[in-house]
Amino acid sequence: MARVLVLGGGFGGLASAAELRRTLPAEDEITVVASSDRFFVGFAKLWDLAGIRPLAEGSRSLENLRRHGIEFHHAEITHIDAATRTVETTEGTLTGDGMIVALGAGYRPDHTAMLGAPAYNLYDAAELPGIRGSLEQLDSGRVLVSILGAPYPCPPAPYEAALLVDEWLRARGRRDQVDVAVSTPQPLTLPVAGPDASGYLADRLAERDVTVLTEHEVQDIDHDTRTATFTDGTSVSWQLLLGVPAAAPPVVVAESGLAEPSGWIHPSRHSFATGAERVYAVGDCTAVPTAAAQLPKAGVFAEAAGTVAATNLAADLHGGDRASFDGQGYCFLELPGQQVATVRGNFYSEPKPDVRLTPPDHESFLAKQRWETERLESWLG
Ligand SMILES: Cc1cc2nc3c(=O)[nH]c(=O)nc-3n(C[C@H](O)[C@H](O)[C@H](O)COP(=O)(O)OP(=O)(O)OC[C@H]3O[C@@H](n4cnc5c(N)ncnc54)[C@H](O)[C@@H]3O)c2cc1C
């Protein structure tokens, strides 16, 4: 009997655990260790913010893993010893014959230090009630969605948030009094998807009178005067600021011995193996190099990597076929009126990712809804 530890109960961890359960003999034990007790897809936060659907309706308990023959250890991991595949947690010590690290990303502390109501962290589910309350009261001024640094998970999400806020304000007859803007330190809206997709998104934002300030890196956010000052000395005022901090590696990952000096794990980009025997790493806690800097931090890629890593770990333990990730993937781009465009292709292509944008339609919005339901049901139904 083999014992496998899956660290993290997000996209990468749940995809890994499901594939391990499908592949490993029934007597092998799979344990998911996570500090969170529920799972929801990232865009469920934006739908909650825009009043489309409460977050609770799109989330499932990780306790449901047990229905699928997977143990769930609800605890904070405080130390990882990769060589012995041992983790210390707030609820005891666990050791595995194999391990998949899928602990996601945290936030850059200097960015979160600039936030706090009325300048909210757009990506923090705990801040949604505050954001919704502020939106309700907003009848003048500006909503500034501010990308504070890169990389950050799901590159289109801040722009989608701006468009959802725009729709929300229009539906309430307040859009004429409230400006909507996005600031980013990057030169394009979606550098990872290239100039064509970026230009397409910029045009959709312009159509809705959403101002985009590229190459604007925030230096300071003043909560009293409600201004954001950029490194070039210019500033903009805001009534409600929705900040997106850059991603940072979790401390426990940075100190695991698996990570590079940057704190990120750099696994093989095809097998997701790390330098430690029978230890794999997937998802937002990794930095996987591509011609456009690195693979986007997105659930789609965390899931694909988790499935590949699980197949390879099962082969390490019992023999059998191995798997290799080829860089194929996609990102949804949600646009007004329940329309979704898709950016799809090979993110590993050289000299640049070979990705194409499929124009938006309502069928793709329905496909996005089904994509969420399928994952909630197959992993945690
Ligand atoms: C607003 C928004 C919209 C998004 N939309 C999309 C989209 O449309 N498509 C898409 O593909 N992606 C989207 N994403 C990105 C996607 O959510 C992430 O890329 C994805 O969740 C990464 O998966 P992961 O498994 O690497 O990490 P996560 O899903 O973040 O999971 C990390 C897990 O590790 C656990 N953990 C962390 N540290 C510890 C510790 N010390 N001890 C124990 N447990 C720990 C956490 O509790 C959690 O269970 C969106 C993100 C946001 C914020």
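The values are calculated or read from the model by the stated rules, or taken from the named source; none is laboratory data. These numbers come from a predicted model, not from an experiment. As a convention, Cβ positions derive from the backbone with ideal geometry for all residues, glycine included, and neighbour counts pool all protein chains shown. Side chains included, ligands, DNA and RNA excluded: accessible areas come from the protein's heavy atoms. Shrake-Rupley method; radii C 1.70, N 1.55, O 1.52, S 1.80 Å.
Remark: the stretch 78-95, residue by residue, has Karplus-estimated 3J(HN,Hα) of 9, 7, 10, 9, 5, 4, 9, 6, 10, 10, 8, 10, 5, 10, x, 9, 10, 10 Hz, where x stands for each Gly or Pro and the curve is 6.51 cos²θ - 1.76 cosθ + 1.60 at θ = phi - 60°.
For the chain, the convex hull drawn through the C-alpha positions has a volume of 133 cubic angstrom per residue. Helix 299-318 and the longest principal axis of the Cα set of the chain meet at an angle near 10°. For the pair the stretch 331-363 / the stretch 189-244, the C-alpha centres are spaced 21 Å from each other.
Looking at the stretch 322-360, the trypsin sites (Lys or Arg not before Pro) that sit in a DSSP loop and have at most 15 other Cβ atoms within 10 Å of their own Cβ are ARG322. Sorted from greatest to least, the principal axis extents spanned by the alpha carbons of the stretch 106-178 come out as 37, 23, 19 Å. One quarter of the surface of the convex hull around the alpha-carbon atoms of the stretch 1-148 equals 10.7 nm², the direction-averaged projected area. Stokes-Einstein diffusion for the stretch 109-245 at 25 °C, viscosity 0.890 mPa s, with a Kirkwood radius from C-alpha pairs, works out to 165 µm²/s. Take the alpha-carbon centre of the stretch 42-86, take the same for the stretch 272-305, and report the distance between them in whole Å. So the two Cα centres are separated by 19 Å. Percent antiparallel among DSSP beta bridges with both residues in the chain, to the nearest 5? Roughly 55 percent of the beta bridges in the chain run antiparallel, per DSSP. Calculate, for ASP209 and THR93, the FRET efficiency according to 1/(1 + (r/R0)^6) with r their C-beta to C-beta distance and R0 51 Å; round to the nearest 0.05. Using R0 = 51 Å, I get an efficiency of 0.35. The H on the amide N of ASP124, modeled in the peptide plane, is under 5 Å from the matching H of no residue at least 5 residues off or on a different chain. Helices in the chain, meaning DSSP H runs of at least 4 residues, each add -39500 (n - 2.57). Divided by all residues, the mean residue ellipticity at 222 nm is -8500 deg cm²/dmol. Annotation for ALA171 and THR78: the two label points, set 7 Å from Cα along the Cα-Cβ direction, are 4.6 nm apart.
Suppose R0 equals 45 Å; then what is the FRET efficiency for ARG22 and ASP224 from their Cβ-Cβ distance, rounded to the nearest 0.05?
0.25
Packing order of peptides 303-312, 106-115, 231-240, highest average first: 303-312, 106-115, 231-240 (average count of other Cβ atoms within 10 Å over each peptide's residues). Measuring nothing but how far apart in sequence close Cα pairs (under 8 Å, 6+ apart) lie, relative to its length, the chain scores a relative contact order of 19 percent.
Contact order, relative form, for the stretch 109-245: 35 percent (alpha carbon pairs under 8 Å, 6 or more residues apart, mean separation divided by residue count).
Considering only the stretch 64-223, what is the antiparallel percent among its DSSP beta bridges, to the nearest 5?
In the stretch 64-223, approximately 45 percent of DSSP beta bridges are antiparallel ones.
Quick one: pull the percent of accessible area on the chain belonging to carbon and sulfur, 1.4 Å probe, ligands and nucleic acids left out. Answer for the chain is 48 percent, counting heavy atoms of protein chains only. For the chain, the solvent-accessible area of protein heavy atoms averages 40 Å² per residue (probe radius 1.4 Å; ligands and nucleic acids excluded).
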